[in-house]
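All remarks here apply to the structure that follows.
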Amino acid sequence: MDEQLLIQSAQKGDLDSFNHLVLAYQEILFNTALRIMGDEELAADATQEAFISAFRNLNAYRGGSYRAWLLRTVTNACYDELRRQKRRPTTPLEPVNNEDEEIESPHWLADPDISPEQKVEQAELEHVIQHCLERLPPDYRSVVVLADIQGLDYNEVAASLRKPLGTIKSRLARARLRLRECLQDFWELLPAAFRLERESNP
């Protein structure tokens, strides 16, 4: 994919080129929104709003990391929704379906190459991490999601959130400390392999 060529074509109004960009980035945008919002439906809405906003404002893109530019758009969409709710959304540790029935194996955790025991451990870890993420203030949560989950470097995170590099590093350090403290509350629930890794890499 020639990203810059697609961007240039999309800036001229070529919807097909923009759709190629959507396909390339929709997963990372949705996953980012899901981690920030803690709700699949809200994350899907935020992702859709982000792409609509990105298309409308495509001429405002002036180069640099397009991924960071898109992530700033979806992060802003999440912030807007959080402000509308005027509360931090919560997700139960056990996910439920539309009928409020517990989902034993959510589709986003599915992996045909792992054993049932590993699936249980993976689900427990997923629930605990999401719970602890949702206890963070939105500003801290977004930094952790972009840096530690999506793998952006500090400069990309700073560009995505339009914050000074020093602010990003400070927020990330504080957010990681809070996450570590939260995870300790659930220490016995965490998979043994995860506990061993944390103990060997404090």
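FYI, it's all coordinate maths here, none of it is from the lab. This structure is a prediction, so every number in the text was calculated from the model and none was measured. Glycine gets a Cβ as well: all are built from the backbone with ideal geometry, and neighbour counts include every protein chain shown.
Starting from the Cα-Cα distance between Thr167 and Asp2, subtract it from 0.36 nm times their residue separation and give me the gain in nm to one decimal.
Numbers: separation 165, 0.36 × 165 = 59.40 nm, distance 3.31 nm.
Using 0.36 nm per residue and subtracting the Cα-Cα distance, I get 56.1 nm.
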Note, segment 32-37: 3J(HN,Hα) by Karplus (6.51, -1.76, 1.60, θ = phi - 60°), whole Hz, Gly/Pro = x, goes 5, 5, 5, 5, 6, 8
Note: Gln26 to Phe186 extended length (0.36 nm per residue) minus current alpha-carbon separation gives 54.4 nm
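Grab the Cα-Cα distance for Lys12 and Arg62, subtract it from 0.36 nm times how many residues apart they are, and report the gain in nm with one decimal. The partial results should precede the final answer.
Numbers: separation 50, 0.36 × 50 = 18.00 nm, distance 1.42 nm.
Gain on stretching Lys12 to Arg62: 16.6 nm.
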A correct fewest-to-most ranking of Cys78, Cys182, Cys132 by other Cβ atoms within 10 Å would be Cys182, Cys132, Cys78
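Sort Leu70, Leu177, Leu172, Leu146 by Cβ crowding within 10 Å, fewest neighbours at the top.
Working: Leu70 25, Leu177 11, Leu172 18, Leu146 28.
The order, fewest Cβ neighbours first, is Leu177, Leu172, Leu70, Leu146.
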Karplus ³J(HN,Hα) for segment 16-27 (6.51 cos²θ - 1.76 cosθ + 1.60, θ = phi - 60°; Hz, whole; x = Gly/Pro) runs 4, 5, 5, 4, 5, 5, 4, 4, 6, 10, 5, 5
